[in-house]
1. Name the residues in segment 338-352 that are among the charged types (D, E, K, R) and under 23 Å from the mean Cα position of the chain (by Cα), would you?
2. Scan segment 143-171 for residues that are within 10 Å of ligand 1 (Cβ to nearest atom) and touching a Pro at 6+ places or on another chain (Cβ under 8 Å) and jot them down.
3. Could you identify the single residue in Thr114, Thr170 that is touching a helix residue (DSSP H, G or I) at 6+ places or on another chain (Cβ under 6 Å) and among the hydroxyl-bearing types (Ser, Thr, Tyr)?
4. Any idea which of Ile70, Ile43, Ile48, Ile19 is within 15 Å of ligand 1 (Cβ to nearest atom), surrounded by 13 or more Cβ atoms within 10 Å (Cβ to Cβ) and in a loop (DSSP other than H, G, I, E, B)?
5. When segment 130-140 is examined, which residues are found to be more than 15 Å from ligand 2 (Cβ to nearest atom) and either at pLDDT below 95 or part of a strand (DSSP E or B) (or both)?
6. Can you tell me which residue among Arg231, Arg213 is more than 15 Å from ligand 2 (Cβ to nearest atom), farther than 18 Å from Leu4 by Cβ and modelled with pLDDT of 95 or more?
7. Residue under question is Ser225, and the condition is that it be more than 20 Å from Pro131 (Cα to Cα), out of contact with any Cys (no Cβ under 7 Å at 6 or more places or on another chain) and of a type in the set (S, T, N, Q); does it hold?
Amino acid sequence: MSLLMHTLHVELGERSYPIYIGREVLADPDLLSQHVPGSQVVIVSNDIVAPLYLDRLRSALGERKLVTEIILPDGEQHKTLDTLNEIFDRIMADRHSRSTSLVALGGGVVGDITGFAAACYQRGVDFVQVPTTLLAQVDSSVGGKTAVNHSLGKNMIGAFHQPRAVLIDTNTLHTLPPREFAAGLAEVVKYGLICDEPFYRWLQASAPKLLAREEAALAEAIERSCANKARVVAADEREGGVRAILNLGHTFGHAIETAQGYGRWLHGEAVAAGLVMATDLSVRRGWVEASELLDLRELLTSMQLPIAPPEGMRNEQFLDLMSRDKKALDGRVRLVLLSAIGDACIVDDAGTEELAELLSDLSLIHISEPTRLL
Ligand code: NAD
Ligand code: GLY
C-alpha cells in the first residue's frame with residue numbers, strides 16, 4: 001500500500017488533473033486503476049529506470065487485455081523524432097486503439113517523449129506521468145509541455161498535452177545519482193525565488209534535510225514546488241504571459257548548456273548558475289538586497305550546485321547565445337528577473353552594456369566544471 005502524503009490539483013477546466021505525492025504511489029493499484037482505467041496500456045520507460053521500477057508498476061496495473069512495454073535507450077540524445085517513430089511502430093503493431101493510455105515511467109526525457117507520443121497518436125490519447133527524477137517530479141511532469149528535440153534546436157517539435165494524472169513516488173529518488181538530484185534542487189529553489197518567499201526561507205532552513213533526502217522534507221519540497229507550478233500553469237497554460245517566469249535563470253542557463261555542448265553541464269546545474277546571474281542583475285537594479293545574493297550563492301553551494309558560468313566561456317559568446325534565445329524579441333534579450341525575493345518580473349530592456357558588466361564582474365568568480373565539485 002502506498003503512503004500518500006499530498007494530493008494537489010492542476011485546475012484547467014476539463015483538462016484538470018491530480019498530482020499524487022508519496023511513497024510507493026507507483027505501485028498503488030487503486031490510483032492506477034482510477035487513472036489508467038481501460039483494457040489497453042502502453043508503458044514507456046528506459047533501460048536505467050525499467051530494471052528498477054517497471055515490475056512494481058506492471059503488477060500494480062494488474063491484468064489488462066493489451067499491455068505493450070517500450071524500453072528506450074537512456075539519454076537526451078534519444079529524445080528524437082526517430083525514437084518517437086519507434087514508439088508509434090510498436091503501438092500500431094500491437095493495434096492499440098484510441099482508448100489506450102500511455103504511462104511514462106522515468107525522468108523528463110521519457111516524460112516529454114511519451115507525452116508527445118500521446119498527443120499525436122490517433123490525434124490524442126490519454127497519458128499518465130510517473131516521474132522518477134527530482135527535476136521531472138517538480139517540473140517537467142506537470143504542465144503539459146511535451147516535445148522531442150530537432151538537430152537545429154532543443155524541444156522544438158512538440159505540443160501542449162496535459163496528463164490525466166501525475167504519480168510522484170518519492171521512493172524513486174533514493175536511486176537517483178547525486179548530480180541528478182542536485183540538478184533537480186535548482187528548479188526547487190527557482191520556485192521560491194519567483195513566487196513563494198516563505199518557501200524560499202523554508203528551503204534555506206531545510207537544505208541539510210533535503211540533501212540527506214529525508215522523506216518528509218522531500219515530500220514537502222516537491223509539494224510546494226508542484227503547487228507553485230500548478231498555480232502558474234492554471235493562470236497561463238500556453239505561456240502567453242506569466243508562465244514565462246518559470247524560466248528564471250534559464251536564458252543564462254541555456255547559453256551555458258549550448259556553449260558547453262549538451263550533457264556536459266546538466267540542465268539544473270546551468271539553471272543554478274543562471275539563478276545567481278538573474279539575481280545579481282536584480283541586485284544591480286536595486287530591486288533585491290545584496291545580502292540575498294550572497295545567501296543564494298551559499299544555498300546553492302550547499303546543494304553542490306555551481307554559482308557562476310564555466311571557466312573559459314567568453315562574454316561575447318554569452319551575449320550572442322542569449323540574443324538567440326527562444327524568448328528573445330527582435331534580437332532583444334528578454335529576461336526573467338526578481339523585483340523581490342519571491343516575486344519575478346519579465347523585462348525586455350536589459351541592455352548589452354548592463355549584461356556585459358555583469359559578465360565581466362562574474363569572470364572573477366568563474367568556477368570549474370560541476371563534475372569536479374561533486
Ligand atoms: P533524464 O530523464 O535524462 O534523467 C536523468 C538521468 O537519471 C537519466 O540517466 C535517467 O535514466 C536517470 N534516472 C531517472 N530516474 C532515475 C531513478 N529514479 N534512479 C536512477 N536513475 C534515474 O533527465 P531529467 O533531468 O529528468 O529531465 C530532463 C529533460 O526534461 C530534458 O529533456 C528537458 O528538456 C525536459 N524538461 C521538460 C520540461 C517540461 O516542462 N516538459 C521542463 C523541464 C525539463
Ligand atoms: N519548465 C517550464 C514550463 O513548464 O513552463
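1. The first filter runs over segment 338-352 and keeps only residues among the charged types (D, E, K, R), leaving 343, 348-349.
Listed by number, the list holds a single entry, Asp343.
2. Gly144
3. From the options Thr114, Thr170, the qualifying one is Thr170.
4. Details: Ile70 fails: in a loop (DSSP other than H, G, I, E, B); Ile43 fails: in a loop (DSSP other than H, G, I, E, B); Ile19 fails: in a loop (DSSP other than H, G, I, E, B).
Unique residue meeting the criteria: Ile48.
5. First, the residues of segment 130-140 that are more than 15 Å from ligand 2 (Cβ to nearest atom): 130, 132.
Val130, the sole residue that qualifies.
6. Working: Arg231 fails: more than 15 Å from ligand 2 (Cβ to nearest atom).
One residue alone meets the criteria, Arg213.
7. Numbers: more than 20 Å from Pro131 (Cα to Cα): no; out of contact with any Cys (no Cβ under 7 Å at 6 or more places or on another chain): yes; of a type in the set (S, T, N, Q): yes.
Criteria not met by Ser225.
A quick yes/no check of all residues on (1) part of a helix (DSSP H, G or I); (2) more than 13 Å from ligand 2 (Cβ to nearest atom):
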| site | (1), (2) |
| --- | --- |
| Val109 | yes, yes |
| Thr114 | yes, yes |
| Val128 | no, yes |
| Val142 | no, no |
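The values are calculated or read from the model by the stated rules, or taken from the named source; none is laboratory data. The structure presented is a predicted model; accordingly, all values stated were derived computationally and were not measured. All Cβ positions, glycine included, derive from the backbone under ideal geometry; neighbour counts span all protein chains shown.
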